[in-house]
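See structure below.
The values are calculated or read from the model by the stated rules, or taken from the named source; none is laboratory data. None of the values given here were measured: they were computed from a predicted structure. Positions of Cβ are generated from backbone atoms using ideal geometry, with glycine treated the same way; all protein chains shown enter the neighbour counts.
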Amino acid sequence: MKKVILFLAVGLTQFSFGHYASRKDYIETWKEEAIKQMNQYQIPASITLAQAVLESQYGNSKLSTEANNHFGIKCHKWTGETFFQDDDAKNECFRKYDNANESFKDHSEFLKYRDRYASLFELKLTDYKSWAKGLKSCGYATNPKYAELLIDIIEEYQLYQYDHPLKIEKVTVHSIENNPANKTIKHSAFIAPKHNKHKVEVKPNGVHFVVAKKGDTFYKISKEFELGLWQLYKYNDYGKKKDVLVPGDIVYLQPKKGKPGKNHDKSITLKQESSMREISQEYGMKLTTLLKKNNSSAPDETLASGTKIILK
């Protein structure tokens, strides 16, 4: 009889507290999703995880177990399924999701595409304290200690370590321009999803890219690498009107840099006609930086063969 009672007690405890035994257990389960959201929407993974831990009682709240809502997001202009429970007022409307992954994605889009949170995206990804304080000042939560609570969770579980998903490691340079010995250099490793169709290559300055194939578009590549379409446009200095790619086009999967790489000369002389935009793509340099170095304001102007271009 004692064994039966003990079994029932354990069962009731697990039912009451959901599927996660501890905050640490919850964090281990959802840290990869938080990093994925950070890569796509530029929200610190530490902030996403801390909010989820706090808002969902580390996955064990009624709202998270019955509605898969891990961030306490209310209905607002929501057209999907809903869930009602008492909060600041009685019987308030909350969003309901098919699964928790949808909740993480909706949380990212909720912050990214609302004007009231725009100021947050001017902050550095590694500045979790300012993000926490910013969320409070922008009105995400009514609790006056909301920022402190997030910061405490982040620091107790060292969640800030997930705001650096691109770890430094040794990788062989695939693009051999100005690197004839194919030397190994250190750079930020790009975390590509499994089963990607394109070979990920890297410029000497450490920026990762793929080469477009027939039928490729920015949209297709963004889906393949789980990036936002807006990210590819931004990384490649293109407006939203361009989507069809020509085979051989370079498509960067990360922001370009201000320099082309240590082994490059300070300047080059064009051997054929080109433009600042094309040079920017060739060398993995930010277009704005290249234009500034060459006192130019015409990214698409055709430059004659023999033109000297300053790179550094």
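In segment 22-120, counting only helices (runs of 4 or more DSSP H) that sit wholly within it, the ones holding 1 or more residues that are touching a residue at least 60 places away in the same chain (Cβ under 8 Å) span 23-41, 45-56, 100-112. The residue that is nearest to the chain's Cα centre (by Cα), counting only those in segment 95-134 that are surrounded by fewer than 17 Cβ atoms within 10 Å (Cβ to Cβ) and among the acidic types (Asp, Glu), is GLU109.
Here the condition is being of a type in the set (D, E, K, R) and either within 19 Å of MET38 (Cα to Cα) or buried (at least 20 other Cβ atoms within 10 Å of the Cβ) (or both); of LYS234, LYS220, LYS199, it holds for LYS234 alone.
The set of residues in segment 291-307 that are in contact with a strand residue (DSSP E or B) (Cβ under 8 Å, 6 or more places away or on another chain) and either acidic (Asp, Glu) or outside any loop (DSSP other than H, G, I, E, B) (or both) comprises LYS293, LEU303. Out of the residues in segment 144-163 that are farther than 19 Å from LEU120 by Cα and touching a Leu at 6+ places or on another chain (Cβ under 9 Å), which is surrounded by the most Cβ atoms within 10 Å (Cβ to Cβ)? Out of the qualifying residues, it is ILE153. All told, LYS286 falls short of being free of Cβ contacts under 8 Å to residues at least 24 places away in the same chain, basic (Lys, Arg) and closer than 22 Å to TYR252 by Cβ. Applying the condition of being among the hydrophobic types (A, V, I, L, M, F, W, C) and modelled with pLDDT of 90 or more to segment 16-34 and asking which residue is surrounded by the most Cβ atoms within 10 Å (Cβ to Cβ) yields ALA34. Tell me the residue from LYS234, LYS256, LYS286, LYS223 that is within 19 Å of VAL200 (Cβ to Cβ) and either touching a Pro at 6+ places or on another chain (Cβ under 8 Å) or not charged (D, E, K, R) (or both), please. Going through LYS234, LYS256, LYS286, LYS223 in turn, just one is within 19 Å of VAL200 (Cβ to Cβ) and either touching a Pro at 6+ places or on another chain (Cβ under 8 Å) or not charged (D, E, K, R) (or both): LYS234.
Restricting the search to segment 121-131, which residues are touching a residue at least 60 places away in the same chain (Cβ under 8 Å) and either assigned to a helix (DSSP H, G or I) or touching a Leu at 6+ places or on another chain (Cβ under 9 Å) (or both)? Those that are touching a residue at least 60 places away in the same chain (Cβ under 8 Å) and either assigned to a helix (DSSP H, G or I) or touching a Leu at 6+ places or on another chain (Cβ under 9 Å) (or both): PHE121, TYR128, TRP131.
One residue stands out in segment 44-77 among those that are among the hydrophobic types (A, V, I, L, M, F, W, C) and surrounded by 22 or more Cβ atoms within 10 Å (Cβ to Cβ): the one that is farthest from LYS90 (Cα to Cα), namely ALA45. In segment 212-230, the residues that are touching a residue at least 40 places away in the same chain (Cβ under 8 Å) form no Cβ pair under 6 Å with any partner that is part of a loop (DSSP other than H, G, I, E, B) and surrounded by 15 or more Cβ atoms within 10 Å (Cβ to Cβ), whether six or more places apart or across chains. Report, by residue number, each residue of segment 216-270 that is part of a loop (DSSP other than H, G, I, E, B), within 23 Å of ILE309 (Cβ to Cβ) and touching a helix residue (DSSP H, G or I) at 6+ places or on another chain (Cβ under 6 Å). Listed by number, the residues that qualify are ASP237, PRO255, GLY258, PRO260.
Restricting to segment 132-143, name every residue that is in contact with a Leu (Cβ under 6 Å, 6 or more places away or on another chain) and touching a residue at least 40 places away in the same chain (Cβ under 8 Å). ALA132 - this is the single residue of segment 132-143 that is in contact with a Leu (Cβ under 6 Å, 6 or more places away or on another chain) and touching a residue at least 40 places away in the same chain (Cβ under 8 Å).
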